[in-house]
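J.: Sharing a structure, written as structure tokens. Questions coming.
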Amino acid sequence: MGVRTTVSRATAALGVAVLLASCGSGGDGGGGEQPGGALEGRGEVTFATGKDTSGNMQKLVDEWNSSHPNEQVRIIELPESADAQRQQMVQNAQVKSDAYTILNLDVVWTAEFAANRWVVELPADTVDAGKFLEPAVKTAKYRDKLYAAPVYSDGGLLYYRKDLLDAAGLQPPKTWAELTAACQAVKATQPAIGCYAGQFEKYEGLTVNFDEAVHSAGGDVVDASGKPVVDSPEAKAGLDALVTGFQQGVIPQKAITYKEEEGRRAFQAGELLFHRQWPYQWNLAGKTDGSSQVAGKFDVAPLPGLNGPGSSTLGGHNFAISAFGKNKATALDFIKFFTSEPSQRSNLLATSQAPTLASLYDDAELIKQFPYLPTLKESILSAKPRPQAVRYGDVTQAIQEAAYAALTGAKPSDVALKDLQAKLQELLK
Amino acid sequence: MTAVARRARGATSGAGRLAAALLSPTFVVLGLVVGYPLVAALRESVFREGTDLDESGFVVEGSRFVGVDNYTAIFAGESAVRFWNAFGNTTLFTVITVALEVVIGVAMALVMHHAIRWRGIVRASILVPWAVPTAVSALLWRWIFQADGVANSIIGQQILWTTEGWQAKFAVILADVWKTAPFVGLLVLAGLQIIPNDVYEAARVDGASPWRQFWRITLPLVKPALLVAVLFRVLDALRMFDLPFVLIGSRKESVETLSMVAFDEASSLRFGPAAAYATILFVYVAVTALVFVRLLGADVIGAARERARK
């Protein structure tokens, strides 16, 4: 039923799109100058985003609205799940609807939205390259052109039980070998504890963790020119680290069912010594209301790698301007306002989401409140993006398929990587 | 004579016209609600959207007519493996869940029928699972089946229910039976209530055992209601989507159904192939329904027809 509705709606959308395209497309000169390229028009704009859980988005919008009475911004809240958000934005773009002006895009959607001309290119000076974290800016680009402004960033951290490592006289590990060794040492006194977990359920989190393992072993999923290079000894070493982790019990068996929340519950229950997780866990695991057994007993470190520090997968969100929205000049100003230092500071304080401005990570006052900021900065600066693909949905599914097969023992890791390489070659050609 | 005949013919065609006029709103609604989506999906299934990039990296827009390519692509190479796997899962889930639901549903109906004390409470409590939205019940079951969940602590073992394998299929079947057996029970109960009591009295006088009464009286007389219940359940189960999607997750081979494949294609913006999958599923469901009505004589709208024939 749902499928039929989606399909028929898509058909209707397509019909309208064809109609519109036949009416009003003069210049299909390829890339360069598009009529939508000029960011003109001032007045009311809408801002399509996921749930505003902290209420701080509304607060910033109210602040903007009070100083811009003729250029009001209205928030349109989309469903909570990222897939549903993307689908709504895509459907609106396909009917060339002007319902959404500003789009809050996940970093992995940039290529798809830019290549389909659903969002417009932004002037290069929208983002001051000197002030923003470079990896975050890269996620907003498609073929070296800026299509969005980075608003939130995200990087993985290694949460570890400081109390247990201290008791064993150990430092947080920098390599996977050190991690395993530290685990053996702690297990001598804490036999029940699990060593390490990340996000290994078959969903986007698995792509994140697989990419991290490959990058941290010196490999790559795709190279700088966008060609898949995942069938390499380095990538195999990365994947094997996870596979043997499961085989040897360094990673508990049940971690194959972990998304972020299941892992967080396990860490907070004191079941894990090390946990690869996003910054959001810091506040929740530190709660002293009894929900966390590990409050005050943990700290964070950069992710470990094969022969040295590892490299995180980059997360985050960017704001883009819909090609079909009205009043693009206002939209651009609002994006600049939202990415300004005061706005980002208030966002960090209210939501603890990682900012994209480098200066905030070195702010003594903020570090006092969020002691993980310096580690997070390190994590983001050395982070690698996921493959920037127009058909990202297919790419991430191929990665999940291969990684899940290897982790569950359905395929040996070299076969899984070989199959993945073949599939990516087809998807990225 | 001729005048009379003409008048009579005029009257019938007048009545026919009136009937057509009165029925036309129904036809318009049916056309919009049933006809249009069907035709639109069929039309969509013979097109494919452009995925090629031009030199500067932009998608070449527009969909092109591909004829039956979307259909043949389903049965070729890797998609064939995926399709037949999903087809197998869909069929397996349908056969097993409906079979279990019939047994449990009939038992439930008998309990509800014979319950004398707390009749209302028994009926209401048996129907609770049916009243819970499927996605919500799937979330409940996921909570039960998680690694540290209730299911594992009851059996005292750690089975990872939501990973690939038979245990995932089992979890889906259990959750589905829990949810929809009451539906079968309700329809069978309705059938039980119209069986006159004297039939049983006569049987008792003749010395028939309760078991014999069940096989010889209850089951044959409740068969029409039961067949309708089974038909509804089969059609429903063939379209199963939300339960495995929420309980186990998308793209899990062990539980992927045809609806999930179609959904997955559509959310990757391949509406043509998605429509093709949906159409194939539609044909599968339609053929099954036809077989049911023709071979087993499931009587959905037949009561009136039967009377008319007499």
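None of the figures in this text is laboratory data; all of them are computed from the coordinates on show. Note that the coordinates shown come from a computational prediction; the quantities given were computed from them, not determined experimentally. Here Cβ is always computed from backbone atoms with ideal geometry, including for glycine, and neighbour counts include all displayed protein chains.
J.: To make sure I understand, if each residue's beta carbon is the centre and we count other beta carbons within 10 Å, what order do A:109, A:282 fall in, fewest to most?
T.: So the ranking, lowest neighbour count to highest, is A:282, A:109.
J.: Sort largest first and round to whole Å: the equivalent ellipsoid semi-axes of chain B, each the square root of five times a Cα gyration tensor eigenvalue.
T.: Listed largest to smallest, the semi-axes of chain B are 40, 38, 16 Å.
J.: Going by the alpha-carbon gyration tensor, a ≥ b ≥ c the square roots of its eigenvalues, is segment A:218-264 rounded (a/c under 1.5) or, if a/c is not under 1.5, prolate (a/b greater than b/c) versus oblate?
T.: Because a/c hits 1.5 or more and a/b fails to exceed b/c, segment A:218-264 counts as oblate.
J.: Using helices alone, what [θ] at 222 nm do you get for chain A, with -39,500 (n - 2.57) per DSSP H run of 4 or more residues, divided over all residues and rounded to the nearest 500?
T.: -13500 deg cm²/dmol
J.: Can I ask one more? Output the 0 to 90 degree angle, nearest 10, between the alpha-carbon long axis of helix A:413-427 and the longest principal axis computed from the alpha carbons of chain A.
T.: Orientation of helix A:413-427: about 10 degrees from the principal axis.
J.: Along segment B:269-281, what does the Karplus equation 6.51 cos²θ - 1.76 cosθ + 1.60 (θ = phi - 60°) give for ³J(HN,Hα), rounded to whole Hz, x for Gly and Pro?
T.: Calculated HN-Hα couplings, in order: 6, 9, 5, x, x, 4, 5, 5, 4, 4, 5, 4, 4 Hz.
J.: Something else about it: Treating the angle as unsigned and between 0 and 90°, give the value, to the nearest 10°, between the Cα long axis of helix A:2-24 and the longest Cα principal axis of chain A.
T.: Rounded to the nearest ten degrees, it is 40.
J.: Return the long-range amide H neighbours of residue A:76 (sequence gap of 5 or more, or a different chain), with a cut-off of under 5 Å between placed amide H atoms.
T.: A:47, A:48, A:49
J.: On to the next question. Would you give the gap between the C-alpha center of segment B:68-126 and the C-alpha center of segment B:227-295, rounded to a whole Å?
T.: First find each Cα centre; the distance between them is then 12 Å.
J.: Can you find, among A:66, A:343, A:219, the residue sitting farthest towards the positive end of the charge dipole of chain A, where Lys and Arg contribute +1 and Asp and Glu -1 at Cβ?
T.: A:219
J.: Could you pull out every residue, at least 5 positions away or on a different chain, whose amide H is within less than 5 Å of the one on residue A:354? Hs are placed 1.01 Å off N in the peptide plane, and Pro or chain starts have none.
T.: For residue A:354, whose amide H was placed from the backbone, the distant partners under 5 Å are A:153.
J.: Could you derive backbone 3J(HN,Hα) for segment B:96-109 from the dihedral phi with the Karplus parameters 6.51, -1.76 and 1.60 (θ = phi - 60°), listing whole Hz in sequence and x where the residue is Gly or Pro?
T.: 5, 5, 5, 4, 5, 5, 5, 4, 5, x, 5, 4, 4, 5
J.: Take the residue pairs A:145/A:423; A:187/A:287; B:169/B:252 and return only those whose Cα atoms are more than 18 Å apart.
T.: Checking Cα-Cα distances, A:145/A:423; A:187/A:287 exceed 18 Å.
J.: Each residue of segment A:375-382 in turn: what ³J(HN,Hα) in whole Hz from Karplus with 6.51, -1.76, 1.60 and θ = phi - 60°, glycine and Pro shown as x?
T.: These are the phi-based 3J(HN,Hα) values: 5, 5, 4, 4, 4, 5, 5, 9 Hz.
J.: Springs between alpha-carbon pairs under 10 angstrom, Gaussian network model over chain A: which of A:287, A:259, A:384 fluctuates most?
T.: Residue with maximal mean-square fluctuation among A:287, A:259, A:384: A:287.
J.: Could you pull out every residue, at least 5 positions away or on a different chain, whose amide H is within less than 5 Å of the one on residue A:321? Hs are placed 1.01 Å off N in the peptide plane, and Pro or chain starts have none.
T.: Answer set, sorted by chain and number: A:103, A:120.
J.: What nm value, rounded to one decimal, do you get for the distance between residue B:65 and residue B:294 when each label is placed 7 Å out toward the C-beta?
T.: Reported label-point gap for residue B:65 and residue B:294 is 3.2 nm.
J.: Also, quick follow-up: Take the alpha carbon atoms of segment A:82-129, find their radius of gyration, then divide it by 2.2 N^0.38 Å using N residues; give the quotient.
T.: 1.20
J.: Where the eigenvalues come from the Cα gyration tensor of segment A:60-204, what are the semi-axes √(5λ) of the equivalent ellipsoid, largest first, in whole Å?
T.: Each semi-axis is the square root of five times an eigenvalue, giving 43, 18, 17 Å.
J.: Picking from A:417, A:103, A:366, which is most flexible by a Gaussian network model of chain A using Cα springs under 10 Å?
T.: Looking only at A:417, A:103, A:366, the biggest GNM fluctuation is shown by A:366.
J.: Looking only at A:316, A:194, A:296, which one moves most when chain A is put into a Gaussian network model with springs between Cα atoms under 10 Å?
T.: Maximum fluctuation in the GNM of chain A, among the listed residues, is at A:296.
J.: With respect to the cross-link table entries A:141/A:384; A:131/A:384; A:138/A:227, which display a Cα-Cα separation exceeding 22 Å?
T.: None, as every Cα separation is 22 Å or less.
J.: What are the extents of the Cα atoms of the protein assembly as shown along their three principal axes, listed from largest to smallest and rounded to whole Å?
T.: Answer, in whole Å and largest first: 100, 73, 52 Å.
J.: Give the distance, in whole Å, between the Cα centre of segment B:17-57 and the Cα centre of segment A:366-395.
T.: 45 Å
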